[in-house]
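The values are calculated or read from the model by the stated rules, or taken from the named source; none is laboratory data. Note that the structure is a prediction, hence the values are computed from the model and not measured. With ideal geometry, Cβ positions are generated from the backbone for all residues, glycine too; neighbour counts draw on all protein chains shown.
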Amino acid sequence: MDADLLQRFNPEEYYRHFLEDGLRPDGRGLRDSREMDLQRGSLSSSFGSASLRLGRSAVLAGVRAEVMEAAQVQDQPLQGRIDVSVEFPPLASPLFRDKHRTQGLTTFLATTLTDVLNSPGVFDPAQLSVRKGEVTWVLHLHIICLNYDGNAFDLCLLAAVAALEDTRLPALVQPAVEAGRLMVAGPEAQELASEARGVTFLSRPLPATFAQMPGGQWVLDPCAVEEGLGASASLCNVNGSWLVFHQGGGADANRFLEELMPVARGCADKLSKLLEAPVILRGFKTYKDQVSLSDDMHPGVNVIVGHEPSFNGSGKTNLFNAILFVISDHFGSLRQVETLSFSKTM
């Protein structure tokens, strides 16, 4: 049978021909990952952002921050947190025309990433406090898939970590004549209610995803076709401990952990180097530098305690919609969010 027809109608048999020689159709070995390209600060209009390309898979992550007060939280102590949402539009892959499948994937990723990123050994919520027990920052991290060819877990988690590390929160002041209201600090501000700051991790969560091929071999960093051939599992190093997330198929990855763990450890070392690459801190020399509104920004920009800043007339900014409108409206409503971009005061 012609190779193209075999690949289309019998992918399992097509893969077996390559796997027998320890290779995959794209030329990689069983334990090779695809080339990765990470860019921080991709969205100047967000508090922090990053884009990540893994082979032909690509995502964009953006962070929106709001100030929350204790009155909004019932029956639990007020503390900062990271909320994650994920979008896989049909434009990214025909696979996402199936709404049921897409919802399952987005729910799994949003829930898992929220849990991992808020783990005590990963993130200290105290760094988001504005006034202890009274007011805190809350970070809303939105991830959108631009193109999909497999390995959503690694792609989304790494982009999330990079976007959060790129995040810069502005200094805030409380005007004497407006009790209960916080505003972005101007260049001449003296008494700050909250200093400008970045976001740091106690330890970075580092993933490695595998898929089981016909014949039982496990391959690293599966593409979309490889994910469809069998079970897949993601290993994630969280503060020195390894978590295993099953993402489909009937195989039990726990039986193969002895085989997969050394590969996952090697991936963690490479990913650490990728994330530690020198980056330019947008608008900051240090986390304590004050920030001010640039000259062309509206002077009345502020953060109302207990409410989201109104960016698009509805009180919310939808990063997903804004990105989809990039061609027709140059980031759509996100253009208005430029009123909350910050520049270094010289």
Inset, instruction - Being of a type in the set (A, V, I, L, M, F, W, C) and at pLDDT 85 or above is the filter here, so list the residues in region 1-48 that pass it. - result: LEU23, LEU30, MET36, LEU38, LEU43, PHE47
Inset, instruction - Using the structure shown, decide if ALA65 is farther than 18 Å from ALA159 by Cβ and modelled with pLDDT under 95. - result: no
Inset, instruction - Could you check, for region 187-204, whether at least one of its residues is out of contact with any Pro (no Cβ under 8 Å at 6 or more places or on another chain), in a strand (DSSP E or B) and at pLDDT 90 or above? - result: yes
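Scan region 80-101 residue by residue and report those that are farther than 24 Å from PRO205 by Cβ and either out of contact with any Pro (no Cβ under 7 Å at 6 or more places or on another chain) or of a type in the set (S, T, N, Q) (or both). Before the answer, list the steps.
Keep residues of region 80-101 that are farther than 24 Å from PRO205 by Cβ, which gives 89-91, 93-101.
The answer is PRO89, PRO90, LEU91, SER93, PRO94, LEU95, ASP98, LYS99, HIS100, ARG101.
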Inset, instruction - For region 139-166, enumerate the residues that are acidic (Asp, Glu) and out of contact with any Gly (no Cβ under 7 Å at 6 or more places or on another chain). - result: ASP154, GLU165
Inset, instruction - Give me the pairs, please: first residue somewhere in region 229-245 and touching a residue at least 60 places away in the same chain (Cβ under 8 Å), second residue anywhere and of a type in the set (D, E, K, R) and outside any strand (DSSP E or B), beta-carbon distance under 8 Å, and either six or more positions apart or on two chains. - result: LEU229/GLU12; SER234/ASP154
Inset, instruction - Would you mind stating whether SER46 is buried (at least 17 other Cβ atoms within 10 Å of the Cβ) and within 29 Å of GLU226 (Cβ to Cβ)? - result: no
Legend entry - Within region 88-123, tally of residues that are without any contact (Cβ under 8 Å) to a residue 40 or more places away in the chain and in a helix (DSSP H, G or I): 15
